[in-house]
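The block underneath contains the structure these notes are about, expressed in structure tokens.
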């Protein structure tokens, strides 16, 4: 799977660990920034990742900021993106199975990196169930066009 990944300065360290982890899962990625712990504006990174996922250039995205909240809010402004802020394995699984989320948002502060890597693993390896959930996703898609 091709993955677009990005973070702000508060998510930089976790992003580095995730980028080391992804090849072992058989994934490729492109880093959309930031490139250090120097302060940046998270919407700039979120929009780059979200737009590339929405265009189909990447199958999935991962965004990290201090709490994950800012990245998820910004990414969800892009039509076709369903960004999910996941703090645990259950949320990651449900985000994919029930919501067909295509961008995973994570918190970069006060985090156990092993737990975060498990969230990434579950998110990237879980398929959308479709069925009754497809009807609900279609309703969200309709909202984007109104």
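FYI, it's all coordinate maths here, none of it is from the lab. Note that this is a predicted model, so its numbers are computed, not measured. Using ideal geometry, Cβ is built from the backbone for each residue, glycine included, and neighbour counts are taken over all protein chains shown.
Classify the range 61-146 as rounded, prolate or oblate, taking a ≥ b ≥ c as the square roots of the eigenvalues of its Cα gyration tensor: rounded when a/c is under 1.5, otherwise prolate if a/b is larger than b/c and oblate if not. Spell out each step's value before the answer.
Working: a/c = 2.98, a/b = 1.42, b/c = 2.11.
Oblate, because a/c is 1.5 or more while a/b does not exceed b/c.
Under a 10 Å cutoff between Cα atoms, tell me which one of 31, 110, 127 has the largest fluctuation in the Gaussian network model of the chain. Looking only at 31, 110, 127, the biggest GNM fluctuation is shown by 110. The base-10 log of I(q)/I(0) for the range 1-145, evaluated at q = 0.21 Å⁻¹, reads -1.32 [Debye formula, identical scatterers on Cα atoms, solvent excluded]. Mind checking the angle between helix 42-54 and the chain's longest principal axis? C-alpha axes, 0 to 90 degrees, to the nearest 10. Approximately 40 degrees, to the nearest 10.
Using only Cα atoms, find the angle between the long axis of helix 113-125 and the longest principal axis of the chain, and express it within 0 to 90 degrees, rounded to the nearest 10. Once rounded, the angle reads 30 degrees. Grouping the Cα pair distances of the range 43-83 into 10 Å bins from zero gives a pair-distance distribution of 36, 57, 6 percent in increasing distance order.
Arranged from fewest to most other beta-carbon atoms within 10 Å of their beta carbon, 139, 107 become 139, 107.
Helix-only estimate, please: 222 nm mean residue ellipticity of the chain, summing -39500 (n - 2.57) across DSSP H runs of length 4 or more and dividing by its residues, to the nearest 500. Spell out each step's value before the answer.
Numbers: 6 runs with 66 residues, N = 146.
Taking each H run of at least 4 residues, the total per residue is -13500 deg cm²/dmol.
Note: relative contact order over the chain, using C-alpha pairs below 8 Å and six or more positions apart, is 24 percent. Per-residue Cβ neighbour counts within 10 Å put 65, 86 in the sequence 86, 65, beginning with the fewest. Length gained on full extension, residue 118 to residue 31, computed as 0.36 nm times the residue gap minus the Cα-Cα distance: 29.3 nm.
Can you bin the range 1-84 into rounded, prolate or oblate? Criterion: square roots of the alpha carbon gyration tensor eigenvalues sorted a ≥ b ≥ c, rounded for a/c under 1.5, prolate for a/b above b/c, oblate for the rest. It comes out oblate by the Cα gyration axes.
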